[in-house]
Amino acid sequence: MLRLHPFFRLLRFLHRWLSLIIGLQLLVWVGTGLLMSLIDQTQAGGGTTRVSVDPPGLGVATASFIAPDQLDMGDRTPLGLKLTSLAGRPVYQLKTDAGIRLYDARTGRLVVIDSALAQYQALMSYAGPAAPGEAILLPEGVTGIHAIAGPVWEVRMSDRFQTRVYVHGETGAVLAHRNARGELMEILLMLHFMDYFQAGGFNNPQIIATAFLTLWLAISGFLLLFVSFRPPRRPVG
């Protein structure tokens, strides 16, 4: 029986276990890739239920608007001002050092994105037959691979896709449509790219470590060829 040097015995032991680990990860890559290819990407991204809700033209004379310097900004420092529309009415969108505030351009009153307004925005962006359900305020936003910074309103639609519409809590803009297939896609992406800590990038430490271990597996396998197929030493005499 061929006796191996202790170094090669250790190398073979590590090679076998690393082959098992890399092999399992290879199955994960193939399996998740196959499943992702079978999922409708447009549907998973909410594209089949979403329509554009770009602000329409103001359609009124801006001379009837109050001057921006008459807005009650309190002690906030203004950083930028934009005239736009929200739910059919002209609004000033004021960017300050503490966030974004909306003001009715005709009255100067503060516009708050409450649950009713969030539901209205969600419905305007929704192409399906379902009515908007409960609106839930998420101050910290939504975590995940495609994270959404808060505050946002989550409006659930009672359709077969389990669609959820996310509305910005300060501007009222519709940020995203998500559904159950989209959640499944995010899980598959996380497993496929080994993004276990949801950093949202491909070149994460797990991928880099796996690449180096795969390289080491190839090198160790090449070295073991010289001892695995070496003819046994014949006894003398």
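The values are calculated or read from the model by the stated rules, or taken from the named source; none is laboratory data. Keep in mind that what you see is a predicted model, and the values were worked out from it rather than measured. Glycine gets a Cβ as well: all are built from the backbone with ideal geometry, and neighbour counts include every protein chain shown. Please note that ligands, DNA and RNA were not included when accessible areas were found on the heavy atoms of the full protein model with its side chains. Shrake-Rupley method; radii C 1.70, N 1.55, O 1.52, S 1.80 Å.
Tabulated values for the structure
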quantity: Any hit, the range 132-146, residues being surrounded by fewer than 17 Cβ atoms within 10 Å (Cβ to Cβ) and assigned to a helix (DSSP H, G or I); calculated: no
quantity: Ala118 part of a helix (DSSP H, G or I), open to solvent by less than 20 Å² (accessible area, probe 1.4 Å) and over 28 Å from Leu189 (Cα atoms); calculated: yes
quantity: Tally of residues being under 12 Å from the mean Cα position of the chain (by Cα) and either modelled with pLDDT of 90 or more or not acidic (Asp, Glu) (or both) across the range 189-219; calculated: 6
quantity: Residues of the range 62-90 that turn out to be touching a Ser or Thr at 6+ places or on another chain (Cβ under 7 Å) and of a type outside the set (A, V, I, L, M), as a count; calculated: 3
quantity: Residue match in the range 49-65 (condition: modelled with pLDDT of 80 or more, in a loop (DSSP other than H, G, I, E, B) and over 26 Å from Lys95 (Cβ atoms)); calculated: yes
quantity: Count - residues of the range 161-177 that are open to solvent by less than 20 Å² (accessible area, probe 1.4 Å), β-branched (Val, Ile, Thr) and in a loop (DSSP other than H, G, I, E, B); calculated: 1
quantity: Test for Asp97: is it loosely packed, with under 14 Cβ neighbours inside 10 Å and not aliphatic (A, V, I, L, M); calculated: yes
